[in-house]
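This report refers to the structure that appears directly beneath it.
The values are calculated or read from the model by the stated rules, or taken from the named source; none is laboratory data. The shown structure was predicted, so the numbers you read here are calculated from the model rather than taken from an experiment. Note that we place each Cβ from the backbone using ideal geometry, even for glycine, and neighbour counts take in every protein chain shown.
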Amino acid sequence: MSALAETIGFIFGLVALGYLTGLAGVLRDEAGEALTDFATTIALPVLLFRTVSTSEFGHVAPWTLWAAYFTAAAASWALGQFVTARVFGRDRRAAIIGGIAAGFSNLVLLGLPFMQGVFGHDGVSVLSLLVAVHMPIMLGVSVLLFALADKESGSTAAAEALQFLKALAGNPLIIGIVLGLAWRLTGLAMPALGTRMIDTFASVAGPLALFAMGLGLRRFGVTANFAPGLVLSLIKLTFMPAVALGMALLLGLPPLAAKVVVVAAGLPVGVNPYLFATRFGTGQALSSNALTIGTVLAAATTAMWLAIAERVFG
């Protein structure tokens, strides 16, 4: 087995191990939620802090990176929303959930450990440039679309937007990135004790996030509306990375940045569409299916896109 295949097997193997642990009843659902909270509130923000405070970004132009990724995300979102409405006959609000499910990559729980395992510190550095703006942009567009789709409850939409903005300002991942930038600007060396503590949390962030993701995945499963979930998963896992590949070539991204963009675009959707579906009361089964089916299929499709990116960009 090649080192690359072994790494991919390890990454998705941890997700599968978490799922099987929950399925066997070894750990309860509450444990999965607690592990996810720890990963997203402490471990992954510390990883991002270390990455941003120590990385060199001079070889990557953020705007070309963002242009390549978000063009792919917008195209995939639009296609997912169109298919949900026109092919499966869902209403406008449910179609928005379909769009989110087709364009919102799991860059945190899956993306960060994946890039760390495959590309190392430099890969996480590039991905952190996406993570810094991914959530604000994607959540902001989601809230705006729901506001436009439900004009009669404009005050509710405005309240939802305010809540999301407040949550965004206090998001630990964003705080980790901002603090990393702030420390970087001071030019100070991290004390040895601080470095040791940061390295300890950062080193467990990836495995813990993957295991927690698998453990939490059992709560979703596959319910009714299997076909829309499958189609949206295929759009997310095939169409979006294909557009990202084309944009990376068009914009002339450096090899590592191009590979990170393609692989990030090919990651399955995370839990955010389901959270939106629950909050706005529509598309819960659709988003749950897209999450579960996409994560299962991604074990094969992500490896495929990684191989394609390696061949195209070297």
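Working only within segment 35-54, note down all residues that are surrounded by fewer than 18 Cβ atoms within 10 Å (Cβ to Cβ) and under 19 Å from the mean Cα position of the chain (by Cα). Let's see the steps before the verdict.
From segment 35-54, those surrounded by fewer than 18 Cβ atoms within 10 Å (Cβ to Cβ) are 37-38, 41-42, 54; that's our starting set.
D37, F38, T41, I42 - these are the residues of segment 35-54 that are surrounded by fewer than 18 Cβ atoms within 10 Å (Cβ to Cβ) and under 19 Å from the mean Cα position of the chain (by Cα).
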Filtering segment 131-151 down to residues that are crowded, with 22+ Cβ neighbours inside 10 Å and not small (G, A, S), which residue is farthest from the chain's Cα centre (by Cα)? F146
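Return the only residue of G281, G270, G252 being out of contact with any Gly (no Cβ under 8 Å at 6 or more places or on another chain), surrounded by fewer than 24 Cβ atoms within 10 Å (Cβ to Cβ) and within 18 Å of V108 (Cα to Cα).
On the way: G281 fails: within 18 Å of V108 (Cα to Cα); G252 fails: within 18 Å of V108 (Cα to Cα).
Checking each option against the conditions leaves just G270.
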When F82 is run through (1) among the aromatic types (F, W, Y); (2) out of contact with any strand residue (DSSP E or B) (no Cβ under 6 Å at 6 or more places or on another chain); (3) within 25 Å of L253 (Cα to Cα), the failure sits at (3)
Neighbours by Cβ (under 8 Å, 6+ apart or cross-chain): first from segment 292-314, closer than 19 Å to Y19 by Cα; second among the hydroxyl-bearing types (S, T, Y) and assigned to a helix (DSSP H, G or I): I293/S233; G294/S233; L297/S233
Going through (1) at pLDDT below 95; (2) farther than 13 Å from V260 by Cα; (3) touching a helix residue (DSSP H, G or I) at 6+ places or on another chain (Cβ under 8 Å); (4) crowded, with 16+ Cβ neighbours inside 10 Å one by one, A73 fails only at (1)
Can G214 be described as farther than 28 Å from T54 by Cα and in contact (Cβ under 8 Å) with a residue 12 or more places away in the chain? yes
For the list (1) closer than 30 Å to P254 by Cβ; (2) modelled with pLDDT of 80 or more; (3) out of contact with any Phe, Trp or Tyr (no Cβ under 9 Å at 6 or more places or on another chain), I need the number of the one condition that L168 fails. (2)
Do we find a residue being modelled with pLDDT under 65, among the β-branched types (V, I, T) and assigned to a helix (DSSP H, G or I) anywhere in segment 142-151? no
For L4, are the conditions met, namely being surrounded by fewer than 17 Cβ atoms within 10 Å (Cβ to Cβ), hydrophobic (A, V, I, L, M, F, W, C), farther than 29 Å from P136 by Cβ and at pLDDT 85 or above? no
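Out of the residues in segment 263-287 meeting the condition of being within 24 Å of V131 (Cα to Cα) and of a type in the set (V, I, T), tell me which one is modelled with the highest pLDDT.
Checking each candidate, the answer is V263.
Looking at segment 213-225, can you tell me whether even one residue there is touching a strand residue (DSSP E or B) at 6+ places or on another chain (Cβ under 8 Å), in a helix (DSSP H, G or I) and of a type outside the set (A, V, I, L, M)? Talk me through it step by step, then tell me what you get.
The initial filter retains those residues of segment 213-225 that are touching a strand residue (DSSP E or B) at 6+ places or on another chain (Cβ under 8 Å), namely none.
Within segment 213-225, not a single residue is touching a strand residue (DSSP E or B) at 6+ places or on another chain (Cβ under 8 Å), in a helix (DSSP H, G or I) and of a type outside the set (A, V, I, L, M).
Do any helices (runs of 4 or more DSSP H) entirely within segment 10-117 hold 3 or more residues that are closer than 26 Å to W305 by Cα, and if so, which? Please lay out each step first, then the result.
Working: elements: 29-38, 44-54, 62-82, 92-103.
Filter on segment 10-117 gives 44-54, 62-82, 92-103.
Look at F57 and say whether it is modelled with pLDDT of 95 or more, over 18 Å from L291 (Cα atoms) and surrounded by fewer than 24 Cβ atoms within 10 Å (Cβ to Cβ).
Details: modelled with pLDDT of 95 or more: no; over 18 Å from L291 (Cα atoms): yes; surrounded by fewer than 24 Cβ atoms within 10 Å (Cβ to Cβ): yes.
No.
With respect to A309, determine if the residue is closer than 19 Å to W66 by Cβ and either among the small types (G, A, S) or outside any helix (DSSP H, G or I) (or both). Outline the logic, then answer.
Numbers: closer than 19 Å to W66 by Cβ: yes; either among the small types (G, A, S) or outside any helix (DSSP H, G or I) (or both): yes.
So A309 passes the test.
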